[in-house]
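Worksheet: one structure, shown below.
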Amino acid sequence: MGRSPPHMHTIDAKIAEKHLLKHPFYEAWTAGTLPREALLEYVGQYYAFESNLPRYLTALHSRCEDATVRAALLANAWDEEHGANNHPELWLRFGEALGLERAKITGARLNDATRALVETYRQAAEKAPIEAGLAALYAYESQLPAVSAAKIEGLRKHYGVESRDGVAFFEVHRTLDVHHAAEERRLLERSLSGAPAADGDAAVEWACRALGAWWDFLSALYPVAGSANLMSRTASLN
Ligand SMILES: [Fe+2]
């Protein structure tokens, strides 16, 4: 493997800086202090992203000139969406293990931060330079193995989720996204090494946008000060 382009190092540094496990939402989840209603609210909000992820992958795939990049994006989209155990389905089973009905998850009223997250990824997939779309995906999937492992432990320890269906989504991502993230990193390095500096700058910019949107997504679910907004949003799930 050759040397990574400098923009790749910047993207990795930005991800480390704003790693989701540093957010108070996940700190509370792993400590068992996250209120159950915040967890339930999170299930419906997150479904909006998870159910759209296959479309982000295929949108980026359809715009990509490089067949090697396309093949990897196609494989990733296939992993997300094919068969009875597709990932949105696994997410719904997780929600059911917490006692939520499917209709409450799929029909959750989205808050502003969730809408912004979904829109950020839609634009990254449909409009941004290919490198930028890859960077936004990498910013997310490279974090999932560690985030998933922490979630499983927290769910078992503090929230009574023990069943196979209850943790299947996280078990899958604990391992599969090691591969997805490595692929995206390889594709990004490949794309960035021959790209003009402006495309590298765009990749960094969109990685940062994605990281910011994820951070805000969690902040909306677990406000550091006050919980009035959370409670009113939670009411929409009941
Ligand atoms: Fe997935």
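Taken together, the values in this text are just the output of simple stated rules run on the coordinates, not laboratory data. If you're wondering where the values come from, they're calculated on a predicted model, not measured in any experiment. Backbone-built Cβ (ideal geometry, glycine too); neighbour counts: all protein chains shown.
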Seminar exercise, completed: With no solvent term and unit scatterers on the alpha-carbon positions of the range 86-212, Debye gives log₁₀ I(q)/I(0) at q = 0.18 Å⁻¹ of -1.04
For this session: In Å and from the alpha-carbon atoms only, list the Rg and Dmax of the range 1-88.
Result: 17.3, 48
Problem set entry | Charge sum, other residues only, whose C-beta stays under 9 Å from Gly95's C-beta, Lys/Arg counted +1 and Asp/Glu -1 | +1
Exercise. How high is the relative contact order of the chain, in percent, counting Cα pairs under 8 Å that sit 6 or more residues apart?
Worked result: 34 percent
For this session: Using a 10 Å cut-off on Cβ atoms, rank the peptides 179-185, 14-20 from the highest mean neighbour count down.
Result: 179-185, 14-20
Seminar exercise, completed: Taking alpha-carbon centroids only, the range 20-47 lies from the range 138-217 a number of Å equal to 17 Å
For this session: May I ask you to list the GluC sites (Glu not before Pro) in the range 62-152 that are in a DSSP loop and have at most 16 other Cβ atoms within 10 Å of their Cβ?
Result: Glu65, Glu101
Problem set entry | the chain: Cα Rg divided by the 2.2 N^0.38 Å rule of thumb | 1.00
